[in-house]
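Written out below as structure tokens is the structure these notes cover.
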Amino acid sequence: MLLLELIQGQADEFTAVMGQVYEEWEFLAGAPPVLPEDSADGSQLLSRIEVDQSDGCYIRIGQFSCIEVIPAEWRRAAYRSFLPDEVPVLLDRWTRHIEEVRRGGHRPYLAAWHAYLMSRALNSGWERIYGSALSVCEQTNAWMRKPGVGEASERVLALPVPEVSAPPRWDEELPLIPFVDWAAYADAARVWDAAVRNRARGLGVPILTLDEFVAAQLEPEQLDYCFGWLGKAARGGYGLWLDY
């Protein structure tokens, strides 16, 4: 059986077992692969390759798949093994995209993806906080009269629970992005968390503006580590083995 067929068989097996990996990738899910009884799996592929066991040969694929400025479709498709001649192509595609983002490219897609991620985080968290703020406003005890608590509740109640934005598809028409004042939510969450500490749960997730989100994703230390490792594999003529 050709190696590419074995690689595809292993990828199908991974999808059948692990699903879409992250909840925010659920929109990418198609029909689950149907695995025939004689389907190619990871053990068949492993029997035909030699795996480097030296120090530094492993990296968690999650370190790549969490680079949110890379299209979700690309990151999901990376959950497979790669032949040696495919690795430089993968490296070039991802690093060129990162450089384009650094130069201000792909801003409409990034704005849509940011809105999708932030609205997912806010939708559940803000609904809980909003309910807590309503409850706090109905209280008349000494804690409610504590400086800052009433103001924090009012700031929360002034912001509605946001709807989850539609996820963008790469190379497709982007969805309309509703205007959301992310900074207002972040400020209200910070005031709320400080006021109710040890009495109620805070938001628990960072709310970032688009610029803050992109800057965080372009953190040099993480990218240099990931692409340095991938570049070393490409220069050495190595393939990549999906070990799970």
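The values are calculated or read from the model by the stated rules, or taken from the named source; none is laboratory data. For clarity, every value in this text was computed on a predicted model and none was experimentally measured. Quick reminder, even Gly has a Cβ in these numbers, built from the backbone with ideal geometry, and neighbours come from all protein chains shown.
Which numbered condition in (1) surrounded by fewer than 15 Cβ atoms within 10 Å (Cβ to Cβ); (2) over 25 Å from the mean Cα position of the chain (by Cα); (3) among the polar types (S, T, N, Q) is the only one that Gln63 fails?
Every condition holds for Gln63 apart from (2).
Condition first: among the hydroxyl-bearing types (Ser, Thr, Tyr) and farther than 30 Å from Ala115 by Cβ. Now tell me which residues in segment 41-83 satisfy that.
If the condition is that a residue be among the hydroxyl-bearing types (Ser, Thr, Tyr) and farther than 30 Å from Ala115 by Cβ, then Ser43, Ser47, Ser54, Tyr58, Ser81 are the ones that fit.
If a residue must be closer than 22 Å to Leu3 by Cα and either in contact (Cβ under 8 Å) with a residue 60 or more places away in the chain or in contact with a helix residue (DSSP H, G or I) (Cβ under 9 Å, 6 or more places away or on another chain) (or both), how many such residues does segment 60-88 contain?
15
Which residue is nearest to Trp170 (Cα to Cα), if the candidates are limited to segment 22-46 and must be among the hydrophobic types (A, V, I, L, M, F, W, C) and modelled with pLDDT under 70?
Ranking the candidates gives Ala31 first.
Taking segment 161-176 on its own, how many of its residues are crowded, with 17+ Cβ neighbours inside 10 Å and either over 15 Å from Phe27 (Cα atoms) or of a type in the set (Ser, Thr, Tyr) (or both)?
2
Output the number of the condition that Asp187 fails; it satisfies all remaining conditions of (1) crowded, with 16+ Cβ neighbours inside 10 Å; (2) outside any loop (DSSP other than H, G, I, E, B).
So Asp187 meets the others, but not (1).
Go through segment 125-157 and give me each residue that's among the charged types (D, E, K, R) and either modelled with pLDDT under 75 or in contact with a strand residue (DSSP E or B) (Cβ under 6 Å, 6 or more places away or on another chain) (or both).
Glu138, Arg145, Lys146, listed by residue number.
List pairs: first residue in segment 220-237 and assigned by TED's automatic domain parsing to the domain that holds Asp52 and in contact (Cβ under 8 Å) with a residue 40 or more places away in the chain, second residue among the charged types (D, E, K, R) and surrounded by 11 or more Cβ atoms within 10 Å (Cβ to Cβ) anywhere in the structure, Cβ distance under 7 angstrom, at least six positions apart or on different chains.
none
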